[in-house]
Amino acid sequence: VLGLAAPVVCALALGIVRGGSFDLRVRWFPLALVALAVQIPLYTAPLGDWLPLIGPLTTIATTALILLVVLRNATGRTRLASLIAASGVALNLLVISVNGGFMPRAEALAPRAISHPDGAFSNTAPADSGTRLAWLGDTLAQPAWLPMANLVSPGDVLLSLGAAAWVLAATRRRRATG
Amino acid sequence: MDTPVNLISVLLTSSRLRALLPVLSLVAVVLAGGAGTKWT
């Protein structure tokens, strides 16, 4: 999680160090906050026996919501960055959808053992011979020294880099005075 | 009006929070669009 958010934070810090001012706007941002607000309890809290049905559908729906938000922002100076991020979300949505609402995970490559909270819904599933588009799943291992190191997908990488480019594209350099 | 309601109202209209919202939204996009599969 931290590794994917880090490029955004670094881009923000870079913009500040360069003395830029931010003109960052995220259209339809409440939808992104709603998607996150739904996912956090869904993936961390024991919500009951109906989770196996509602969990995969909710994963697909919230990811689609994020894709909608990112595509809505593919205009102006941030167009290219938004499209890079959107392609990442679209790849994640594709692989999750064709695998029944679960992100396939190349468990053998994991940098550390992962444990899910008891009773909570896990939206990843170990990849096997029946997995579709397995290469788009969680197949890239983050360095073990990274806090909360984990497996990420090619879509995650595109999304993370696109979001960082989005921040940079929204940074204006202050003009020198005098 | 209750004090907590007042506090929320102040927070929501605070210019600092408004300035932070786009960044928080972008982080939400990254987390919910990809890293949501990696909470643990």
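Please treat every number below as a calculation from the coordinates, not as lab data. Just so you know, these numbers come straight off a predicted model, no measurement behind them. We place every Cβ from the backbone using ideal geometry, glycine too, and count neighbours over all the protein chains shown.
Take peptide A:134-146, look around each residue's Cβ out to 10 angstrom, count Cβ atoms belonging to other protein chains, and average those counts.
Numbers: counts 0, 0, 0, 1, 3, 0, 0, 0, 1, 0, 0, 0, 0.
Counting Cβ atoms of other protein chains within 10 Å of each residue's Cβ and averaging gives 0.
Using only the Cα atoms of region A:1-133, each taken as one equal point scatterer with no solvent, compute I(q) by the Debye sum, divide by I(0), and report log10 of the ratio at q = 0.09, 0.10, 0.11 Å⁻¹.
These q points yield log10 I(q)/I(0) values of -0.34, -0.42, -0.50.
Assuming 0.36 nm per residue, please report the length gained on full extension of the stretch A:LEU53 to A:LEU80 beyond their Cα-Cα distance.
Details: separation 27, 0.36 × 27 = 9.72 nm, distance 3.64 nm.
Here the segment from A:LEU53 to A:LEU80 would lengthen by 6.1 nm.
Where does region A:78-134 land on the Kirkwood hydrodynamic radius, alpha-carbon pairs, in angstrom?
On the way: mean 1/r = 0.0765 Å⁻¹.
It is 13.1 Å.
Based on the mean of other Cβ atoms within 10 Å per residue, sort peptides B:22-33, A:74-85 so the most packed one is first. Provide the component values of the computation, followed by the final result.
Details: B:22-33: 23.8, A:74-85: 18.3.
Top to bottom by mean Cβ count within 10 Å: B:22-33, A:74-85.
log₁₀ I(q)/I(0) of region A:20-97 at q = 0.10, 0.11, 0.13 Å⁻¹, via Debye over equal Cα point scatterers, no solvent, to two decimals?
-0.29, -0.35, -0.46
Give me the Kirkwood hydrodynamic radius of region A:67-178, using the inverse of the mean 1/r over all pairs of distinct Cα atoms, in Å to one decimal.
Working: mean 1/r = 0.0637 Å⁻¹.
Here the Kirkwood hydrodynamic radius works out to 15.7 Å.
When you count, for each residue, the other Cβ atoms within 10 Å and take the mean per peptide, how do A:46-53, A:15-22, A:2-9 rank with the highest first?
Numbers: A:46-53: 10.9, A:15-22: 12.8, A:2-9: 18.6.
Descending packing order for the listed peptides: A:2-9, A:15-22, A:46-53.
How long is the gain from A:ARG18 to A:ALA110 if the chain were fully straight, where each residue apart is worth 0.36 nm and the alpha carbon distance is subtracted?
On the way: separation 92, 0.36 × 92 = 33.12 nm, distance 3.67 nm.
Length gained between A:ARG18 and A:ALA110: 29.4 nm.
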